[in-house]
Each structure stands twice: as structure tokens, then as C-alpha cells.
Amino acid sequence: MNAYEPSLSRRAFAGATVAGAAAAAVGLPASEAAATPGPAERPFRASRSLGRHSRRPNILFILGDDLGWADLSSYGSTHIRTPHLDRLARQGVRFTDAYSGSATCSPTRFSLYTGRFPGRTKGGLAEPIADRSVGLEPTHPTLASLLRDAGYATALIGKWHCGYLPDHSPTRSGWDEFFGNFGGALEYYSKLGLGGEYDLYEGDAEYQDLRYYTRILTERASEYVGRDHDRPWLLNLNFTTPHWPWIADGDTEESAAVTARIKAGDGRALFHNDGGSLDKYREMVEDLDRSVGKVLDALRRSGQEKDTLVVFASDNGGERFSYNWPLSGNKSSLQEGGIRVPTILRWPARIEGQQVSDLPVYTPDWTATLLEIGGARPHPAYPLDGTSLAGHLLRGSDVPGRDLFWRVRGERALRRGDWKYYRGRTGRDQLFRLSEDVREQADRAAAEPARLAELRTAWEAVDGTLLPYPS
């Protein structure tokens, strides 16, 4: 059996395509063709029924930062090697049609933490948050606060990017512990942020450590998962890798140069527009892969691997040096390259490995799923926009028909089945059939006017329930 041979039924994952044709459609090399879902004859493989396994899992949710859909070798990268994440995929489920909740950092994190569209909250309208005026309000229930109320220990390690002190913090929004940075980017050694501020914290207090940031986060996360926990736990592990600046472990001279520019008042220094390369980006992604591998090794040594549900994803599509082929667009766009992201799930106690799914899913679905699996109920005053996949993953039940909705300033998108409605900054409505045209080049709007109108109406109905963007 190939490491990624699909075993998902038409009932469980409707719309599967022949492996070879799908591989061509997404541009995978021949060696990866079998990784693409095709017609299968067996149902989705859950290890056992929920009734015979009532233990609630630990939850380890890992986010890469600006990691593109095809940046992992298991997703088709020809020049980046990611053996640890590839192994995670072999041990669980690799999702080919998974999406982020938005096209930039902050809104996606809002959608994960709240399980709701970013536009439901004032802070979610910032794309991304760049100042101290808004954030995730502490009164809003979150994945962490709801699971904590249900008996979980909760921690967030890494990038928060949902508001700044003194008003906003993970420790004010349901996480028992926080270690990481508040802003959207920081220099990997000096820890200086976009405004020149020092941005490494333990709880709400500054923490001094000038080593390479990804190493620090890896150590902290490994320590957390290795503890002797007396209750189930949630760990949000949010790496900044491979987000700019383009500084890999050991690049101390480049770090010093960028840091000097920040201290001199260069507000664009962290964007590192004059730095980076394909090779440097490869170093950073491969370092992220090794770091995830170390955390997973610590989990295995702790004896908790079997009963820990791991999700790995990216907060949005790739950026300058990312490998997104054959998708169009990148970060900040609602084209596929801006929102389709690598996503892997593993839970050895409940879900068998070597599975591939082309079920369309996105960030708020994971919130709903994890709350159900963790035995937590959403707050009735804050209904979720995501759909729980728990019954589908654990019992093979159908996922209810639903639309995936996105809105960013100047763009709109909605996916229903194979079809995607998209309006970019040109203001022109477009319609694409993704199963045949994942690159979004064959506009079917003129040929399918009724379908276009139906999807546009559906998008506008949801949009009418959201907060308007500020002028």
C-alpha cells in the first residue's frame, strides 16, 4: 500500500476524483499521484466507536505562519523536504481541500479562537491587526475558555496577533498559560516587532531570551506536552516560521543588520523586501518541519501520543517565496493560493492513518469539531459559523451541505461543492469549477448565470449579518 493510498468512501467524501487525473489537476509529481484522493470502496476508517472510547483527547493545534499549500513535500513541493510532517500525514488524514478562515493572520486566528466569521467582531475586521485599538475582547467565548470550562488545561505558545496589552491577551481569553509574541511579526533573534518594541512575553510580562525564536518555542512546547498532566489539555502552538523576515537559525549577521535598521527607525525593516531567497525559504520551512518533529517526539516520549488529537495547518496561503503551484494568488487574496492551506489531522486512538480527504473544510470547522470532541458546548449567545466534523471523522456520517464563506476588504468568495464564486478587486463576478480548474482560469460566469446569481445571493445573505468595515 502506498503511504497515502486513500480509503475514503464516496459517502464520506463526495466528489472524489481519479487519482491520476486529480494529481494532474493539482500539479503533483508522479511519485505523489497516489496521495491524491480517488474513488474508494471502503468507509472512512475510525478506530472505534465513540461509545466504546469516551476518553477526551488532549488537543495540539499547530499553526505555521504564511505556509503555502504546496510547501510540504507531501503536498507536492519538489525542493522542500518535510519528513516529519509527511510522517504525521501518513499516520492520520491529509486534507487536500482545506482552507484558512481568512487570507491574513489576525482574521484567521479570530475564526479559530471564536469559531465564527472574523466579521462578527470588531477586531476581526482588521486585516491584520496593526495597532492597539482593537483585539479579541475578553468577554467573547473562545475555544480555550469553553474547553477550560469543560475541564481542560489550556496554553498558547507562540504568535497571538489578536490584540495587545493592556486590554487583550491570551490569558484574558481563556488560556491558562501564554508564552510568545503579541504582534504580527518579530525579528527572530532580537525579538523586536514592527514598531521597534520588544515582543517576547511569559504571561503578560516581558521575557528575555535572545536565542532563535523557533528554537525557544519548540523547547517550550516540548516541555508542555511532556508534563505529567492530571487532566486533558489544549495547546495552541503558533510558530512564526516561515513568516518574514527571512532569517534562518544561525543567520546572526543578517539578524544584526535587520535589528540595526529597526532601531534606527526603519518601519519597513521587518518586511525584509531586500532579503530572502528560495533557498532561505526552504531552510525556514525545513526548520519548521524539524521543530514540529521534536514536539511530536516529546509527545511520544510522554506516553500521550495515542490520546492526543493533533492538527497542523497554516494561518493563510503562502507569500513571496512560497510554492503554491498550481493555485493562483497568495496571501491577502481570496483566490485559492491565498486561502487553501496544508492541513493534517492525527488521532491514533480514534482515526486510522494513511487516509486522504478532499472534503472542503476551513478554520471555523475545526473549532466546532474540537469543542464537540472535547465535550464543550458553544455559548448560545455566540453561535458558531463552523460545522463540526466529529461525526464524520469518528462515525463516517455525512457532513451537512453548507457553504464556505470568505470576505476581505475588496474581495469576496464562497465555495459550494465544486463551485466557487469569486469577486476580486476588479469588481467582476467570476465563477469557477474547482474540480476541473483549481487554477481559477476558466471563468464560467457567462455560461452559468443562474448558478452565479444563486451563489452571489448566498454570499450577500451572510455578508448582511456581519459588521461593516470602518470607513
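The values are calculated or read from the model by the stated rules, or taken from the named source; none is laboratory data. Computed from a predicted structure; not experimentally measured. Cβ sites come from the backbone with ideal geometry, for glycine too, and all protein chains shown count toward neighbours. Side chains are part of the model used for accessible areas, which takes the heavy atoms of the whole protein and leaves out ligands, DNA and RNA. Shrake-Rupley method; radii C 1.70, N 1.55, O 1.52, S 1.80 Å.
Which trypsin sites (Lys or Arg not before Pro) in the range 96-143 sit in a loop by DSSP (not H, G, I, E or B) and have at most 16 other Cβ atoms within 10 Å of their own Cβ?
When the trypsin sites (Lys or Arg not before Pro) of the range 96-143 are filtered for loop state and at most 16 Cβ neighbours within 10 Å, Lys122, Arg132 remain.
About its Cα centre, what dipole magnitude does the range 393-444 give when the only charges are +1 on Lys and Arg Cβ and -1 on Asp and Glu Cβ, stated in debye to the nearest 20?
Working: 14 positive and 9 negative charges, 58 e Å.
It comes to approximately 280 debye.
Hey, how many Å between the Cα centroid of the range 74-102 and the Cα centroid of the range 344-373?
The distance from the Cα centre of the range 74-102 to that of the range 344-373 comes to 13 Å.
Within the range 106-208, list the GluC sites (Glu not before Pro) lying in a DSSP loop whose Cβ has at most 15 other Cβ atoms in a 10 Å radius. Let's see the in-between values first.
Working: sites: Glu177, Glu187, Glu197, Glu202, Glu206; in loops: Glu187, Glu197.
Listed in order of number, the matching sites are Glu197.
Given charges of +1 on the Cβ of Lys and Arg and -1 on the Cβ of Asp and Glu, with all other atoms neutral, how large is the dipole of the chain about its Cα centre, in debye to the nearest 20?
Details: 58 positive and 61 negative charges, 282 e Å.
Around 1360 debye, computed over the chain.
Report His392's accessible area, 1.4 Å probe, all protein chains in place, as a number in Å² to the nearest 10.
Near enough 10 Å² of accessible area.
Pop out the carbon and sulfur fraction of the accessible area of the range 158-197 as a percent, whole number, probe 1.4 Å.
52 percent
Past 28 Å, Cα to Cα: identify those pairs from Lys122/Lys331; Lys280/Lys306; Lys191/Lys294; Lys122/Lys159, in the order given. Don't jump to the answer; show the numbers that get you there.
Details: Lys122/Lys331 21 Å; Lys280/Lys306 35 Å; Lys191/Lys294 22 Å; Lys122/Lys159 20 Å.
From Lys122/Lys331; Lys280/Lys306; Lys191/Lys294; Lys122/Lys159, over 28 Å: Lys280/Lys306.
Taking Cα centroids, how far is the range 293-309 from the range 165-200 in Å?
26 Å
Once neighbouring chains are kept in place and the probe is 1.4 Å, which whole percent of the accessible area of the range 247-343 is contributed by carbon and sulfur?
Values: 1730 of 3680 Å².
C and S atoms contribute 47 percent here.
Could you give the distance between the Cα centres of the range 213-238 and the range 426-471, to the whole Å?
Cα centres, the range 213-238 to the range 426-471: 41 Å.
Among residues other than Leu296 whose Cβ falls under 11 Å from its Cβ, what is the net charge (Lys/Arg +1, Asp/Glu -1)?
Net of charged neighbours comes to +3.
Can you tell me what share of the DSSP beta bridges in the range 129-208 is antiparallel? A percent to the nearest 5 is fine. Provide the component values of the computation, followed by the final result.
Numbers: 6 of 11 bridges.
Looking only at bridges with both residues in the range 129-208, the antiparallel portion is about 55 percent.
How many percent of DSSP beta bridges within the chain run antiparallel, rounded to 5?
Values: 29 of 57 bridges.
Expressed as a percentage, antiparallel bridges in the chain total about 50.
Tyr469 label point, 7 Å along Cα→Cβ, cut-off 16 Å on backbone N: hits in the range 93-116?
Counting only backbone N, you get 102-108.
Please state, rounded to one decimal and in Å, the Kirkwood hydrodynamic radius that the chain gives when every pair of distinct Cα atoms enters the mean of 1/r. Kindly include the intermediate steps, with their values, before the conclusion.
Values: mean 1/r = 0.0449 Å⁻¹.
Every distinct Cα pair counted, the radius reaches 22.3 Å.
Once you list every other residue whose beta carbon is under 10 Å from the beta carbon of Asp66, what net charge do they have if Lys and Arg are +1 and Asp and Glu are -1? Write out the running numbers ahead of the final one.
Details: positive: Arg320, Lys331; negative: Asp65, Asp71, Asp315, Glu319.
Around Asp66, the surrounding residues sum to -2.
Run the reach check for Lys263 against aspartates and glutamates, Cα to Cα strictly under 15 Å, same-chain hits fewer than 8 apart removed. What comes back?
Counting by Cα, and skipping residues close in sequence, Lys263 has these aspartates and glutamates nearby: Glu187, Glu197, Asp199, Glu254.
Using the heavy atoms of the protein chains alone and a 1.4 angstrom probe, what is the accessible area of the chain per residue in square angstrom? Don't skip to the answer; put the middle values down first.
Details: 17320 Å² over 471 residues.
On a per-residue basis, the chain sits at 37 Å².
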